[in-house]
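What follows is a set of notes on a single structure, which appears directly below.
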Amino acid sequence: MTEKFDILIIGGGINGAGIARDAAGRNLKVCLVEKNKVGSATSSWSTKLIHGGLRYLENYEFRLVRESLKEREIIKKIANDIISPIPFIIPHFPQQRPKWLIQLGLFIYDHLGGKSSLPKSKRINIKKEIPNVLKNEFKIGFQYFDLQVDDKKLVELNINDAKKRGALIIENNKVINVKRNIDHWTITLNDKTTLNAKILINASGPWINNVLNNIINLNSKKSIRLVKGSHIITEKLYTQNKAFTLQNTDNRIVFVIPYKEKYSLIGTTEKEVYSPDNPTIDNEEIDYLINTVNKFFIRQISSDEIVETYAGIRPLIEDFNEASKITRDYIFDLNISDSNTPLLNIYGGKLTTYRKLSENVLHSLGPFLPKTKLSSWTGSKKL
């Protein structure tokens, strides 16, 4: 007899992992299927930050920033072994955002999420605080704090906790067929394993509409834009344990972040692509990142100093903005048939908000899980 689960999740990125943990902690029978290793795609190709999204304030995404700042504080507590607070410096120059606008943005950033254990932002004298790093024209800067995280480890910690709470995690196996029955889904895997589940969750990230259209055989109601974010890693550019938020002339942001003690992580680009498979950085992106660094830093770099590169695909909800202005928020598409077999498709999202997204998933599915305890718990239990 085929085992029947309450929930089956397609996709083992950070959202799938977070949902599996939350659901298993509510005593639900949970199965997660990942076609590769968990955390092996988008969720390990990030800029490795838990942050409120300072630049999202310019797009008036106050709800998203508020939620992200609150989650930053929670993740700092529950995943403190893989989290490091780090100061970010915004060098100011007159051709870009005016000082008053940056100060206003940072004031909102400091207070929008409520009480925070991180230091408040402040104006700094660059020559005194970080001498011999930036070019002479950069005299005034602004400092704020966010968190560095091991993104792949964050996925793995959620998966490990889900397993301890009884979830079945299947890796290196692909869902190839899905059938909607009267009271359950039948899911067939690449190795011919058959699984049954009351609820199906499509958390496949950049592949969400591929899975929906070609495996679940439903038409997608939502459009996504695939935006590639690429990074380069160089030998350490400076000794101070500070990161930089560089305002580029096209109003985009590039981060320079200390990485694994010996290196600097530089990113990210925002380039629209049309396939989620096998993302790699291209020469145009490399030049963009190098040129941005060389505008600000005394030490000039070239492509010869790159020790590693990586690129990841972000599945952003189509809102017909330019890539840098598309929302990083998330949307749920709940598909309910007459047969009472829900399908939940998860669009968008970001590393910082994965836990709240997972909690909201379980609340959305509450009517279909009437005997389940629906009180939130993941924000108080350490990973």
Restricting attention to the range 50-68, which residues are more than 13 Å from the chain's Cα centre (by Cα) and outside any helix (DSSP H, G or I)? Tyr60, Glu61
Among the residues in the range 247-265, are any among the charged types (D, E, K, R) and farther than 30 Å from Pro131 by Cα? no
Subset tally (residues that are free of Cβ contacts under 8 Å to residues at least 60 places away in the same chain, assigned to a loop (DSSP other than H, G, I, E, B) and more than 19 Å from Ile86 (Cβ to Cβ)) for the range 102-123: 2
Subset of the range 76-119 (residues that are within 19 Å of Lys242 (Cβ to Cβ) and β-branched (Val, Ile, Thr)): Ile83, Ile86, Ile89, Ile90, Ile102
Look at the range 171-218 and say how many of its residues are surrounded by fewer than 14 Cβ atoms within 10 Å (Cβ to Cβ), of a type in the set (S, T, N, Q) and within 20 Å of Ile336 (Cα to Cα). 5
Quick one: how many residues across the range 1-49 are outside any loop (DSSP other than H, G, I, E, B), of a type in the set (Val, Ile, Thr) and modelled with pLDDT of 95 or more? 7
Considering only residues that are part of a loop (DSSP other than H, G, I, E, B) and surrounded by 14 or more Cβ atoms within 10 Å (Cβ to Cβ), look in the range 330-342 and name the one that is modelled with the highest pLDDT. Pro342
Could you please give the count of residues in the range 1-45 that are among the acidic types (Asp, Glu) and surrounded by fewer than 24 Cβ atoms within 10 Å (Cβ to Cβ)? 2
So which residues in the range 343-382 are part of a loop (DSSP other than H, G, I, E, B), at pLDDT 95 or above and crowded, with 20+ Cβ neighbours inside 10 Å, if there are any at all? Thr378
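The values are calculated or read from the model by the stated rules, or taken from the named source; none is laboratory data. Keep in mind it's a predicted model, so treat the numbers as computed, not measured. Virtual Cβ from ideal backbone geometry, glycine too; neighbours counted across all protein chains shown.
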